[in-house]
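Asks: This is the structure I want to talk about, given as structure tokens.
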Amino acid sequence: MSLRLFDAHNHLQDERLASQRLEILRALPGAGVVRMVVNSSCEADWPEVLALAKSVPQVIPSFGCHPWYVAERTADWQANLVKFLDAVPSAIGEIGLDKWIKNHNLAEQREVFVWQLRLAAERNLPVSIHCLEAWGTLLDVLRENPLPRCGFVLHSFGGPREMIAELARLGACFSLPGYFAHERKLRQRDIFKHVPRERLLIETDAPDQALPAERLEFSLPDSANGRPVNHPANLGAVYRFAAELLDMPLEVLAEQVEENFQRVFAALG
Ligand SMILES: [Zn+2]
């Protein structure tokens with residue numbers, strides 16, 4: 001039986017994948033990839049994400065302003081975002097809060113995040129949320145603002161285990177990246193054993209967050225800085241890691257993740 005796989009979060013538009021784009025797209029059907037949520041990080045990404053949405057059937061586009069790039073947004077970013085959201089059925093992401101990055105301005109990040117979150121609630125669009133070292137602020141924001149009824153995705157979830165129940169109550173799904181298969185990610189890996197099964201999603205975050213080398217099924221040449229580039233077709237390898245971690249038969253896991261994904265992204269086909 002061939003599996004049907006759903007990638008809750010990647011960056012297919014990333015320039016590190018550009019020279020290999022055709023080869024990557026050709027590998028997707030054979031690798032079982034049915035849908036992938038392609039997340040922009042900044043305004044400059046939006047046209048490419050839109051172009052991919054129009055030409056690649058697996059793509060669910062996601063437009064948003066990531067906390068690392070809030071300072072780069074243009075004066076018209078809000079009107080521009082609305083224009084892209086109106087162009088095709090789409091999600092909002094990648095957005096969020098990040099106190100890990102140097103020289104962060106959390107107040108500015110929060111303002112940009114809340115504006116996008118409210119827009120998502122108004123339009124009932126799924127959201128992909130990035131959060132590093134700002135879990136308390138994230139919980140405040142989620143409690144104080146309207147949220148999309150379809151729910152939201154905590155991408156590459158590495159938050160405290162104690163917050164899982166409250167985040168789930170607010171509508172969260174928790175997305176597991178292959179990167180957590182690395183030995184040093186023991187804490188993050190263990191946290192996923194406490195995620196409710198009906199809220200579990202799987203992601204590659206390609207071209208970032210590659211699995212350990214021995215688990216990779218598809219490889220791409222290293223990027224200019226010498227770091228490995230994650231191929232989006234490694235999604236199946238992430239599912240296999242998740243099945244081992246959660247001690248679930250692969251088929252059962254795949255059915256559960258499909259159900260979860262379809263629930264959140266239902267409106268976007
Ligand atoms: Zn990402």
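The values are calculated or read from the model by the stated rules, or taken from the named source; none is laboratory data. Just so you know, these numbers come straight off a predicted model, no measurement behind them. Every residue, glycine among them, receives a Cβ derived from its backbone with ideal geometry; neighbour counts consider all protein chains shown.
Asks: Mind counting the residues in region 115-134 that are more than 21 Å from SER156 (Cβ to Cβ) and either part of a helix (DSSP H, G or I) or within 16 Å of the ligand (Cβ to nearest atom) (or both)? Can you show your working first?
Replies: The first filter runs over region 115-134 and keeps only residues more than 21 Å from SER156 (Cβ to Cβ), leaving 115, 118-119, 121-124.
Applying the additional criterion that residues be either part of a helix (DSSP H, G or I) or within 16 Å of the ligand (Cβ to nearest atom) (or both) yields 115, 118-119, 121-123.
Adding up the residues that qualify gives 6.
Asks: Do we have ASP76 as farther than 23 Å from ALA224 by Cβ, free of Cβ contacts under 8 Å to residues at least 12 places away in the same chain and either within 16 Å of the ligand (Cβ to nearest atom) or out of contact with any strand residue (DSSP E or B) (no Cβ under 9 Å at 6 or more places or on another chain) (or both) here?
Replies: Yes: the conditions hold for ASP76.
Asks: For GLU203, state whether it is out of contact with any Lys or Arg (no Cβ under 6 Å at 6 or more places or on another chain) and farther than 19 Å from VAL38 by Cβ.
Replies: So GLU203 does not fit the description; no.
Asks: Next question, about the same structure. LEU125: at pLDDT 95 or above and touching a Pro at 6+ places or on another chain (Cβ under 8 Å), yes or no?
Replies: Answer is yes for this residue.
Asks: Now for a different question. What residue, among those in region 219-245 that are in contact with a strand residue (DSSP E or B) (Cβ under 9 Å, 6 or more places away or on another chain), of a type outside the set (Asp, Glu) and in a loop (DSSP other than H, G, I, E, B), is surrounded by the fewest Cβ atoms within 10 Å (Cβ to Cβ)?
Replies: Among those residues, the one meeting the criterion is PRO221.
Asks: Out of the residues in region 178-213 that are closer than 16 Å to ALA254 by Cα and within 16 Å of the ligand (Cβ to nearest atom), state the one that is nearest to the chain's Cα centre (by Cα).
Replies: My answer is GLU203.
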